[in-house]
Amino acid sequence: MDKVKLFCFPYAGGSAAVFNKWHRQLLPFVELVPVELAGRGKRMQEPLYRSVDEMVDDVYRIIKDDVRKGHYALYGHSMGSMIAFELAQRIVHDNLPVPLHIFFSGRGAPGVKGKPEKNYALMTDDEFRAEVMQLGGTPREFFEYPELLEIFLPLLKNDFRLADEERYNRETKPLPCDISVFLGKDDELTPEQCDGWKKHNHTLCSVVYFEGGHFFIHDDTDQILDCINNVIQRACARREDRQNAGLASFS
């Protein structure tokens, strides 16, 4: 079976390392490609993004050649879902090969307003730290050591600012591929935010709920990867069936 690259985009404050262990459970033909964003990990010395457009431009530059060459899928959690969606819009606009599948995780549908948002940008550092600790997903040691906090807090606040840069009332194109939406049962999303994803593609949209809150990906990793494996395997089988049917029509 042909290789499928799975490009993964992290949540706010996360790095490519979030996905490091995933390769152990992915199918042999699925190549894990965690995308490192500026300002973290191996790109720690690079300046933080000033806008969502700048972030998407950077990610597009990183994966564009691979997108042209072979089969691939996209996965993003929370802020990473926003990246995956904006990236897919760019890919469709530029008439590049579309993904076999896109996995949107831990985020409501684009353009759908949910519960009143907290304005993280206006919070003091102490207020912001308390909110993030309550949300979970960030190791407590980042908040207990001043030297780590000095590095991590500006990155995290900037990511939250970008993740909140929602674009309402703008025109987007329905995605020409199947999508899966992974959500935590205890996450604070409205039904409209969850179901709103179904308006963003022409084909199949599956909404799957996992135990836990916003950071269910850390608790339900096995189930998530089983689901990803099954979905990609089915997508590859359908692609091969279409190819075989096309060849048969010419014979």
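The values are calculated or read from the model by the stated rules, or taken from the named source; none is laboratory data. What you see is a predicted model, and the numbers here were worked out from it, not measured in a lab. Please note: Cβ atoms are built from the backbone with ideal geometry, for glycine as well, and neighbour counts cover all protein chains shown.
Go through the range 40-51 and report how many residues are buried (at least 17 other Cβ atoms within 10 Å of the Cβ) and under 14 Å from residue 10 (Cα atoms).
Adding up the residues that qualify gives 1.
Within the set of pairs 6+ apart or on separate chains, which have a first residue in the range 82-99 that is of a type in the set (Lys, Arg), a second that is modelled with pLDDT of 95 or more, and C-beta atoms under 8 Å apart?
From residues that are of a type in the set (Lys, Arg), the pairs are 90/56; 90/60.
Can you confirm whether residue 153 is hydrophobic (A, V, I, L, M, F, W, C), more than 18 Å from the chain's Cα centre (by Cα) and surrounded by 13 or more Cβ atoms within 10 Å (Cβ to Cβ)?
yes
Might you check whether a residue that is under 28 Å from residue 173 (Cα atoms) and not small (Gly, Ala, Ser) occurs anywhere in the range 38-48?
Looking for residues that are under 28 Å from residue 173 (Cα atoms) and not small (Gly, Ala, Ser), one finds none in the range 38-48, hence no.
Can you tell me which of (1) part of a loop (DSSP other than H, G, I, E, B); (2) closer than 20 Å to residue 39 by Cα is the one residue 143 doesn't meet?
Tallying (1) part of a loop (DSSP other than H, G, I, E, B); (2) closer than 20 Å to residue 39 by Cα, residue 143 fails exactly one: (1).
Between a residue in the range 129-142 that is farther than 15 Å from residue 217 by Cα and any residue that is among the polar types (S, T, N, Q) and surrounded by 15 or more Cβ atoms within 10 Å (Cβ to Cβ), which pairs come within a Cβ distance under 7 Å, given they are 6 or more apart or on different chains?
Every condition considered, the pairs that remain are 132/138.
Give me the pairs: first residue in the range 17-32 and without any contact (Cβ under 8 Å) to a residue 24 or more places away in the chain, second residue in a loop (DSSP other than H, G, I, E, B) and surrounded by fewer than 16 Cβ atoms within 10 Å (Cβ to Cβ), beta-carbon distance under 9 Å, and six or more apart or on different chains, which are they?
28/1
Checking residue 132 against (1) β-branched (Val, Ile, Thr); (2) in a helix (DSSP H, G or I); (3) exposed (fewer than 13 other Cβ atoms within 10 Å of the Cβ), only one condition comes out false. Which one?
(3)
Look at residue 171 and say whether it is surrounded by fewer than 19 Cβ atoms within 10 Å (Cβ to Cβ) and either free of Cβ contacts under 8 Å to residues at least 24 places away in the same chain or in a helix (DSSP H, G or I) (or both).
In short, yes.
Quick one: count up the residues across the range 174-203 that are assigned to a loop (DSSP other than H, G, I, E, B) and within 22 Å of residue 93 (Cβ to Cβ).
Matching residues across the range 174-203 total 5.
Hey, any hits in the range 162-179 for a residue that's aromatic (Phe, Trp, Tyr) and out of contact with any Gly (no Cβ under 6 Å at 6 or more places or on another chain)?
No; the residues of the range 162-179 include none that is aromatic (Phe, Trp, Tyr) and out of contact with any Gly (no Cβ under 6 Å at 6 or more places or on another chain).
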